[in-house]
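Written below as structure tokens is the structure these notes are about.
The numbers here are math on the coordinates, done by the rules we state, and not lab data. Nothing here was measured: the structure is a model prediction, and the numbers come from that model. A quick note on method: Cβ atoms are made from the backbone with ideal geometry, for glycine too, and the neighbour counts reach across all protein chains shown.
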Amino acid sequence: MAKLYSNRGIRFIQALQHRAFTWFWAGQTISTLGDGAFTTALAVVVYQLTKSSLAMGLLLMAQITPEVIFTLIGGAVADRLPRRTVLLASDASRALIVLSIALLGWLNLLHLWHLFAMAILFGITLSFFHPSYRALTPELVPKEHFSSANALTELSIQLGNLLGPALGAGLIALAAGSTAAAFAFDGLTFVISVCSLLIIRSTPPLSQQTPSLAQKRVNLSRQIDIFVVNYPCYENRENTTPPLRRSSQTPWFASVDRPAMGQRRQNQRDSHWAGGAHPDHGSRTPSGRVARRDDCPLCSGERA
């Protein structure tokens, strides 16, 4: 049970083997913490300015409406432009917006219309952020690590929802009720996210980390060698031509030279055909080919 638990834990963090995804995940995890602090600070500042819960509802509606309207456009942009560039623009824009709100709050110049303008701009940037955020992960990890990447992404969201509001409340309490510190913290997390995306730029794309065509040919040649060694009857033979050799339709891998395997293959043939496996293997047919047996699993592929 302990071993199984350990293996599951390793599979859970497999996506962190990839440097680009690690930086991306770390930056976005920190950013989600700032989002949680931002939500708490927004509720507090709206109550301080209006003493009304209705204003908070209208503010959230002002953010959600443009996000819904522009989501389709954001998805089209994510399909046509580099996703990392779209994320950079979105996070940089939100950093400027939130830091501007923090500065206004610090100077006691913050008004309700500032928050509504911020909410509308936030909704627009989120409509471009979310499609690119989901679509960038497959570019950073191979297909077999998608489940690990999705699990880690969900973990970062849950951590932000759990710890972010607590951080926001703590910063407001330390600032004697001022929300400027919480807004500034959120802006700082966006800056960290932008830095992590800039680091990804220096990481080789996943397509460059996969084996090249030449390497794939070498790997396939090795697999053919292993097959021939395990099934020596497939590679006979004097005065015969394998069915895929020297043909106009011969695939490229059928003519791969395998000189290093020659001696070992010959040893396999000698031990199997020269009477070691069947008494009649030492005889030859009129065409000069080595006699084969129908009941031999190594000979059944091609009979004399």
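The table below gives the values:
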quantity	calculated
Least to most buried among 11, 84, 94 (fewest other Cβ within 10 Å first)	11, 84, 94
146, 122, 24, 70 arranged by Cβ crowding within 10 Å, fewest neighbours leading	146, 70, 122, 24
Radius of gyration, Dmax [segment 14-89; alpha carbons; angstrom]	17.0, 49
Packing-based exposure ordering (other Cβ within 10 Å, fewest first) of 64, 97	64, 97
